[in-house]
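Note sheet for the following structure.
The values are calculated or read from the model by the stated rules, or taken from the named source; none is laboratory data. This is a predicted model, so every value here is computed, not measured. Please note: Cβ atoms are built from the backbone with ideal geometry, for glycine as well, and neighbour counts cover all protein chains shown. Heads up: the accessible areas ignore ligands, DNA and RNA and are worked out on the full protein's heavy atoms, side chains in. Shrake-Rupley method; radii C 1.70, N 1.55, O 1.52, S 1.80 Å.
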Amino acid sequence: MLRTILGEPPRENTGLLADAMESMTKAESMLRRKMNDDEDHDHEYRKLEIWIQGLISSLDELEQSLFAASFFRKSVKAGSMDEMSVSEQGDYARYVYFYKNGFIRVFSLLDKLGTVLNTLYDLNTSRVKVHFSYFTVLRRFRSSKRHRELSGRLEEIKDSYRDPLQKLRNRRNAEIHYMNSEMQDDLWQRHQGLHDKIQLEDLDEHLEDLRQGLEMVCKTLSEVFRYSNKTNNNL
């Protein structure tokens, strides 16, 4: 959708994104077959199908957010807000909007996946924490000592992206719980020099963190649904 609005050709899914989409689409198909065969009187298969459709939409929206943020970043040439033209300020604001949308969606998608995992593998995470995140589910999965192949692989993926995920989490927390992340940057710089120009954050570094966040999400989704499809666990 965003590519069309921005005058770009439609996306062709490739690489990690294609792997994640295909593994989830296969899970959807398996659930539909189960519904046809078993009639799904308690609607559990239908619920899982809707959740997986939500994950597919969320992954699509995350990728689009990264694309749009990268698109508008190309138009930002100045090193500070004071040096920007009105047009460039508009493109910077658009970059910020889609970048924020992206890092919020990373954790939103992972938490939705946590709900799916919790149900698929009967982890009962709510006994530990009523409002749980993906990472709470992952700890619960590890402590259950079941499906060690999957839980071990998910831990490996999480650990290999520890640094970019932590930076994205810090910005997400600042955005949602405290103040927006640009204000934090601005306040820090004002402390350094009251009359200095406020320099922009490292846009390319931030986009790279978000790109790695997308990569981590794709690998995680692929691993979950490849394993679940193979073992036919509730699918």
The chain: angle of helix 15-38 to the longest principal axis, Cα-based, in degrees nearest 10 | 30 degrees
If you put +1 on each Lys and Arg Cβ and -1 on each Asp and Glu Cβ, how big is the dipole of the chain around its Cα centre, in Debye rounded to 20?
-> 900 debye
Within a Gaussian network of the chain (alpha carbon springs, distance under 10 Å), most fluctuating of GLU88, GLU49, GLU39 = GLU39
Working from Cα positions, state the angle (0 to 90°, nearest 10) between the long axis of helix 181-192 and the longest principal axis of the chain.
-> 40 degrees
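Rounded to the nearest 500 deg cm²/dmol, what is the calculated helix-only ellipticity per residue at 222 nm for the chain, with -39500 (n - 2.57) per DSSP H run of length n ≥ 4? Walk me through the numbers before you get to the answer.
Details: 9 runs with 170 residues, N = 235.
About -24500 deg cm²/dmol.
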List the extent of the Cα atoms of the chain along each of their three principal axes, largest first, rounded to whole Å.
-> 68, 41, 28
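Counting only protein heavy atoms and using a 1.4 Å probe, what share of the accessible area of the chain belongs to carbon plus sulfur, as a whole percent?
Numbers: 6150 of 12680 Å².
Reported share for carbon and sulfur atoms: 48 percent.
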Flagged links, alpha-carbon separation over 18 Å, of LYS129/LYS167; LYS74/LYS219; LYS100/LYS167; LYS100/LYS219 | LYS129/LYS167; LYS74/LYS219; LYS100/LYS219
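Taking only protein heavy atoms into account and a 1.4 Å probe, give the accessible area per residue of the range 1-230 in Å². Could the numbers behind the result be given before it?
Values: 12440 Å² over 230 residues.
Value returned for the range 1-230: 54 Å² of accessible area per residue.
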Report the one residue of ALA174, LEU123, PHE225 whose Cα lies farthest in the direction of the positive end of the charge dipole of the chain (charges on C-beta: Lys and Arg +1, Asp and Glu -1; origin at the Cα centre).
-> LEU123
Extension gain (nm, one decimal) between ASP37 and ASP204, 0.36 nm per residue minus Cα-Cα | 55.1 nm
Specify which residue in the list LEU113, PHE98, MET21 is farthest towards the positive end of the charge dipole of the chain, using unit charges on the beta carbon of Lys, Arg (+1) and Asp, Glu (-1), about the Cα centre.
-> LEU113
May I ask you to evaluate 6.51 cos²θ - 1.76 cosθ + 1.60, the Karplus curve with θ = phi - 60°, for each residue of the range 144-160 and list the ³J(HN,Hα) values in order in whole Hz, giving x for glycine and proline?
-> 6, 6, 10, 6, 5, 4, 6, 4, x, 5, 5, 5, 4, 4, 4, 5, 6
